[in-house]
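Every number in this text was worked out from the coordinates using simple rules, so none of it is lab data. Since this is a predicted model, take the numbers as computed values, not measurements. Neighbour counts run over all protein chains shown; Cβ positions are idealised from the backbone, glycine included.
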Amino acid sequence: METDGINKDRTDKDRTSKAQADVAHPLAGQVAVITGAGRGIGAAIARALAGLGAAAVLCGRTPAALDSTARAITQVGERAEALPCDVTSLQSVEAAARHVEASFGRVDILVNNAGIGGFGGPLHQLPPEAWDQILNTNLRGVYYTARAFAPMMIRARSGHIINISSLAGKNALPNGAAYAASKWGLNGLSYSLAEELRGHNIRVAVVCPGSTNTDLSPHTGKDPAKMLQPEDVAHAVVMLVTQSPQSFVSEILLRPTQKP
């Protein structure tokens, strides 16, 4: 009888430990692909998802930045891999998807964060090559990643695709028309893709941050302390990927509390 009591006590402790581990690492066993993950918002998202137990696959065009972020994650005992990838190249994106499928056999979370700014002047003075660069990175790149990674999620009947947009996709942006157009387009793509994939149990959401303290755009005259920080955007992503299975938050508009 005493032995039975000891065994029961151990079983209860094991269950408690497992429950605590599940709460601390709700993404354990999952794979998250983050584009533009070498720095700024993308790096913050990668750290946050890895901290919740996901294997973070860091994609971007700058190997040194990816390696630095991946190293910071692995040094604290979490899982990360740097995977150079140019989202403006379908060949590069498809190669990344093949690598993820061969290495992990799954993708649970895709965060489309790669993006570039364009705030140099009025649209009629914007060089065509600058227009192409902005739209190809911020909009076409998301089409490429969805095309390459969504089939894995469809086969698994599960997944999250989270597109990092901007409040510039909700408002006029003088001297940044191409950037605004890319983000308005990204919002429309996200809403439409969400309806296409809902039947496969895949949730597509868009996060639209306001002024964020990164080097993407000039912040002349703004107080960095009042601006959103990359970790604030990462927190929004964490909320999306940890919501209840029956819940679907499709859009988050994120603003600084005080205007910077």
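Fewest neighbouring Cβ atoms within 10 Å first, the residues His124, His235 line up as His124, His235.
For the stretch 93-139 and the stretch 215-254, write down the distance between their C-alpha centroids in whole Å. About 19 Å separates the Cα centre of the stretch 93-139 from the one of the stretch 215-254.
When the chain is treated as a Gaussian network with alpha carbon springs shorter than 10 Å, the biggest mean-square fluctuation among Thr35, Thr74, Thr88 belongs to Thr74.
At 15 Å minimum axial length over the Cα atoms and a Kyte-Doolittle cut of -0.5, report the qualifying DSSP H helices in the chain, or say none.
40-51, 63-74, 90-104, 141-156, 177-197, 230-241
By the rule of a second cysteine Cβ within less than 4.7 angstrom, the chain holds isolated cysteines at Cys208. Amide hydrogen proximity for Ala114: with H placed 1.01 Å from N in the peptide plane, the residues at 5 or more positions away or on another chain lying under 5 Å are Thr35, Gly36. Under a 5 Å amide H cut-off, with hydrogens placed 1.01 Å from N, Ala82 pairs with Leu58 among residues at least 5 apart or on other chains. With a Förster radius of 22 Å applied to the beta-carbon distance between Glu195 and Asp132, the computed FRET efficiency rounds to 0.15.
Each residue, Ala24 and Phe119, gets one label point 7 Å from its Cα in the Cβ direction; the gap between the two is 4.0 nm.
Only DSSP H runs of four or more residues enter the estimate; each adds -39500 (n - 2.57), and after division by the residues of the chain the mean residue ellipticity at 222 nm equals -15000 deg cm²/dmol. When the chain is treated as a Gaussian network with alpha carbon springs shorter than 10 Å, the biggest mean-square fluctuation among Gln75, Gln246, Gln229 belongs to Gln246.
Neighbours of Ile45 by Cβ distance under 12 Å: Lys/Arg scored +1, Asp/Glu scored -1, total 0.
Overall, the anisotropy analysis places the stretch 119-186 in the oblate class: the square-rooted eigenvalues a ≥ b ≥ c of its C-alpha gyration tensor yield a/c not less than 1.5, with a/b not exceeding b/c.
Relative contact order, percent, of the chain when contacts are C-alpha pairs under 8 Å separated by at least 6 residues? Relative contact order of the chain: 17 percent. In this calculation the C-beta distance from Ala95 to Ala225 is compared with R0 = 35 Å, giving a FRET efficiency of 0.25. Using a Gaussian network model of the chain in which every pair of alpha carbons under 10 angstrom is joined by a spring, one finds that among Val237, Val249, Val207 the greatest mean-square fluctuation is at Val249. Highest mean first, the peptides 188-195, 165-172 sorted by other C-beta atoms within 10 Å per residue fall in the order 165-172, 188-195.
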